[in-house]
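Structure first, then comments.
The values are calculated or read from the model by the stated rules, or taken from the named source; none is laboratory data. Only a predicted model underlies this, so the values are computations on that prediction, with no experimental measurement involved. Because the Cβ atoms are built from the backbone with ideal geometry, glycine has one as well, and the counts that use them run over all protein chains shown.
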Amino acid sequence: MKKNLVLESVLTYVFFELNKHNINYVVLRNYDSLPHDVGNDLDILIKESESEKVDQILKKVLLKYNLFIKRDHIRFSYRGIYLGSNDDSGFDLQIDLYTSLVKGWITYSDSSIVLTNRIKYKTFYIPEPSHELQAIIYKELFAYKKVRSKYDHQINLLKSKISKHGFFEVSSNYISKISANEVYEIILNDKKFDGTSLKPHLGNVFNIKNMFSWGKFRLKEKLGC
């Protein structure tokens, strides 16, 4: 019980501070039970230019709730922060911060459009339904070539709220129109995504800047830097 109360208090304060400082963010998924229950982790998309402000907010959270960072994992466009408590509450929390929506170095969704069109939910912000559904499905297809069953409920809730324009606008510069149409038709016809592959635009695949940045982070990981 104490652990859950601490979690609720911490998350409520996190969202309060993000809103107070006008941070442009969205909780990407698994938000229905927040702030009472976080599931496995808290996935938040932020603007890269606001990363330092978010870091300062997290430092305030650590101090206020007597927490510490157990592990801080930084990769390309991603930071995974694992929090623990200095007391006996048993509190732990993983916060995953994303500054772009990518798999490897390949972008699958325009994060600036997602952030611009965010909507208020409870005391925090979430993506517009079309953008949320697109991000869930494309992330899953890039990673697994299927959509895992744990997302079935959320997909069923979202698909009645989406617009074709909203679904396509966040990926039109990154994913081929043929692939996007195929995915959209699967959603509309309640089919399975098993074996479905996404075909990015070549310019997205051969984005030299992203490839270099991603490769640099991967090399640091292997070298243990």
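Give the residue that is surrounded by the fewest Cβ atoms within 10 Å (Cβ to Cβ), with candidates limited to residues of the stretch 102-117 that are in contact with a Leu (Cβ under 7 Å, 6 or more places away or on another chain) and not hydroxyl-bearing (Ser, Thr, Tyr). I'd like the intermediate steps shown before the answer.
Applying the first criterion (in contact with a Leu (Cβ under 7 Å, 6 or more places away or on another chain)) to the stretch 102-117 yields 107-109, 111, 114-115.
Still in the running and not hydroxyl-bearing (Ser, Thr, Tyr): 114-115.
Working: Val114: 24, Leu115: 18.
Filtering first and then ranking leaves Leu115.
Just give me the residues in the stretch 70-89 being assigned to a strand (DSSP E or B) and loosely packed, with under 12 Cβ neighbours inside 10 Å, in sequence order.
Step one: list which residues in the stretch 70-89 are assigned to a strand (DSSP E or B), which gives 70-75, 78-85.
Scanning the stretch 70-89 gives Arg71, Asp72.
Pick from Lys146, Lys209, Lys161: which is among the basic types (Lys, Arg), assigned to a helix (DSSP H, G or I) and either touching a Leu at 6+ places or on another chain (Cβ under 6 Å) or not assigned by TED's automatic domain parsing to the domain that holds Phe76 (or both)?
That would be Lys209, the only listed residue that is among the basic types (Lys, Arg), assigned to a helix (DSSP H, G or I) and either touching a Leu at 6+ places or on another chain (Cβ under 6 Å) or not assigned by TED's automatic domain parsing to the domain that holds Phe76 (or both).
Given Lys53, Lys64, Lys20, which one is exposed (fewer than 12 other Cβ atoms within 10 Å of the Cβ) and modelled with pLDDT of 95 or more? I'd like the intermediate steps shown before the answer.
Working: Lys53 fails: exposed (fewer than 12 other Cβ atoms within 10 Å of the Cβ); Lys64 fails: exposed (fewer than 12 other Cβ atoms within 10 Å of the Cβ).
Exactly one of Lys53, Lys64, Lys20 is exposed (fewer than 12 other Cβ atoms within 10 Å of the Cβ) and modelled with pLDDT of 95 or more, namely Lys20.
So Ile178 fits all but one of (1) surrounded by 11 or more Cβ atoms within 10 Å (Cβ to Cβ); (2) more than 21 Å from Ser112 (Cβ to Cβ); (3) not hydroxyl-bearing (Ser, Thr, Tyr); what number is the exception?
(1)
Against the condition within 18 Å of Ser112 (Cβ to Cβ), in contact with a strand residue (DSSP E or B) (Cβ under 8 Å, 6 or more places away or on another chain) and assigned to a helix (DSSP H, G or I), how does Val10 come out, does it pass?
On the way: within 18 Å of Ser112 (Cβ to Cβ): no; in contact with a strand residue (DSSP E or B) (Cβ under 8 Å, 6 or more places away or on another chain): yes; assigned to a helix (DSSP H, G or I): yes.
In short, no.
Consider Lys220 against the criteria (1) surrounded by 13 or more Cβ atoms within 10 Å (Cβ to Cβ); (2) part of a helix (DSSP H, G or I): it satisfies all of them except one. Which criterion is unmet?
(1)
Just wondering, is there one or more residues in the stretch 213-220 that are outside the structural domain of Gly80 (by TED's automatic domain parsing) and either among the acidic types (Asp, Glu) or modelled with pLDDT of 90 or more (or both)?
Checked against the condition, which is being outside the structural domain of Gly80 (by TED's automatic domain parsing) and either among the acidic types (Asp, Glu) or modelled with pLDDT of 90 or more (or both), the stretch 213-220 yields no hits at all.
Considering every residue within the stretch 158-176, establish whether at least one is farther than 20 Å from Ser109 by Cβ and within 22 Å of the chain's Cα centre (by Cα). Please lay out each step first, then the result.
Narrowing the stretch 158-176 to residues farther than 20 Å from Ser109 by Cβ: 160.
If we keep only those that are within 22 Å of the chain's Cα centre (by Cα) as well, we get 160.
Yes, because at least one residue in the stretch 158-176 is farther than 20 Å from Ser109 by Cβ and within 22 Å of the chain's Cα centre (by Cα).
Please identify the pairs in which a residue from the stretch 39-60 that is in the same structural domain as Tyr13 (by TED's automatic domain parsing) has its Cβ atom under 6 Å from the Cβ atom of a residue that is aliphatic (A, V, I, L, M) and part of a helix (DSSP H, G or I), counting only partners at least 6 apart or on another chain.
Ile46/Val54
Residues checked against (1) under 22 Å from the mean Cα position of the chain (by Cα); (2) acidic (Asp, Glu); (3) at pLDDT 90 or above:
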| residue | (1), (2), (3) |
| --- | --- |
| Val183 | yes, no, yes |
| Asn189 | no, no, no |
| Phe193 | yes, no, no |
| Leu198 | yes, no, no |
| Val205 | yes, no, no |
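Can you name the condition, by its number, that Trp214 falls short on among (1) surrounded by fewer than 17 Cβ atoms within 10 Å (Cβ to Cβ); (2) of a type in the set (Phe, Trp, Tyr); (3) within 21 Å of the chain's Cα centre (by Cα)?
(1)
What is the number of the single condition among (1) surrounded by 11 or more Cβ atoms within 10 Å (Cβ to Cβ); (2) modelled with pLDDT of 90 or more; (3) assigned to a loop (DSSP other than H, G, I, E, B) that Ser130 does not meet?
Unmet for Ser130, out of (1) surrounded by 11 or more Cβ atoms within 10 Å (Cβ to Cβ); (2) modelled with pLDDT of 90 or more; (3) assigned to a loop (DSSP other than H, G, I, E, B): (3).
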